[in-house]
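Below you'll find the structure, written out as structure tokens, and then a few comments.
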Amino acid sequence: SLELSLPTWLHSICLRWNSHSPPGFTPSAFVGTLTPRLASLHPPSLELSLPTWLHSICLRWNSHSPPGFTPSAFVLSPSAFTPLPFNSLPFFSMGAWWSLPNSLQDYVEEDSLLLDGLDLERIVVEELLEIGGSLTVIRVDNNKLTHLELPATCSKVEDLTASKNQLELFPLGMNYCVRLRHLDLSGNKLTEVPNHFSGFASLSNLFLQDNLISTIPEEAFNLPSLRILALSGNKLQNVPSVGNMTALRELYLDHNELGDIPKDLSKLDNLLTLDVSSNRISNVPAEIFAMTSLRSLYLQENALNAIGDCSELLYLQYLNISNNNISVVPSSVSQLPLLRKLTMYGNPCTKDSIVLVSGRVIREPK
């Protein structure tokens, strides 16, 4: 039973069950909503008669709170909740939700679960289990999640966005999302890509930038439908073979620790954009300059002493070789028929940025 002596200004309470909970105390057994009572308000005080099995409690203030009841005024002493039969202090959240104040269903719009920007620290997988079967979009970006688990009912999900959280591992149960087309886990604390990641035959967009990824297994990128791969801002020293991702159109490997460019990139006949800037690359394989599909090539901020013959880059529009150690730019660059902008400041050969507009050369200061 749950018998708490609650102050009239209490907005909501979140209880979590664990191994110390009494028999029968499960999510389905705990159903109820606390409604603010409009009785006469008293000065803030917290005098709760708590059951010994209570794991955590989350309080939130609102317009019914008494005057002066603010986060800074609301200070609780952990000793007020002792003794507890286990070594765990109650959890308090005054600026963010430890979990949602409402049912997950309240955040569903058509077939999309939208939980972005709520400062969430946890999503209860049991609640997601109930609504997962109707979802094609799950967005939980801009929160404080350290763990994300997807139940088997999420098999219809095509768009999963969990960027800007604190995830250290890929979401558990992600393999259930067999229809996944868009995955954004950027801005987390991921350190590696799991082996099983190759099972997403429909995946088109993969955003893993701004993490801590240092290793990627060879078999990870067996993704035949992938069109965009973003690995910028990680700690990669090498990348596995990507030559089998023949649908790839955009590849971002900038701001890593790469010492070379994989030669098998030349097998990507549909690649339009290649960004390997801000690495430690000292040589660009001749095969890269034979990729006739390229529209944009970014090589700036590396350790290049020279670049190869560019005459086969017939569709290239943007070339950036700035901040290297290049003394001579091959004449084939000036003969590229569609080149719109060549940026090459920060090299011994020039201190300017050269822009070609309708065949006319304009020099812009750095």
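Express in nm, to one decimal, how much length is gained between ASP269 and SER311 on full extension, taking 0.36 nm for each residue of separation and deducting their alpha carbon distance.
Between ASP269 and SER311, full extension yields 13.4 nm more.
Per residue, how much accessible area does segment 208-284 show when a 1.4 Å probe rolls over the protein heavy atoms, in square angstrom?
The answer is 41 Å² per residue.
Please identify which residues in segment 224-243 have an amide N closer than 16 Å to a label point set 7 Å out from the Cα of LEU212, following the Cα→Cβ vector.
233-237
If I model a spin label at ASN325 and ALA201 as a point 7 Å from the Cα along the Cα→Cβ vector, what separation in nanometres do I get?
In this crude spin-label approximation the distance works out to 4.9 nm.
Each residue of segment 283-298 in turn: what ³J(HN,Hα) in whole Hz from Karplus with 6.51, -1.76, 1.60 and θ = phi - 60°, glycine and Pro shown as x?
Each residue of segment 283-298 in turn: 8, 10, x, 4, 4, 5, 6, 9, 7, 5, 7, 4, 9, 9, 9, 10 Hz.
Taking only C-alpha pairs under 8 Å that are 6+ residues apart, what is the relative contact order of segment 226-276 in percent?
43 percent
In segment 109-183, carbon and sulfur make up what percent of the accessible area (probe 1.4 Å)?
Carbon plus sulfur share of accessible area: 44 percent.
Can you give the % of DSSP beta bridges in segment 109-214 that are antiparallel, to the nearest 5? The partial results should precede the final answer.
Values: 1 of 14 bridges.
About 5 percent, rounded to the nearest 5.
With just the Cα atoms defining each centre, how far is segment 105-133 from segment 229-303? Give it in Å.
37 Å
The values are calculated or read from the model by the stated rules, or taken from the named source; none is laboratory data. Predicted model only: the values in this text are computed from it and were never measured. All Cβ positions, glycine included, derive from the backbone under ideal geometry; neighbour counts span all protein chains shown. Surface accessibility is based on the protein's heavy atoms, side chains included, excluding ligands, DNA and RNA. Shrake-Rupley method; radii C 1.70, N 1.55, O 1.52, S 1.80 Å.
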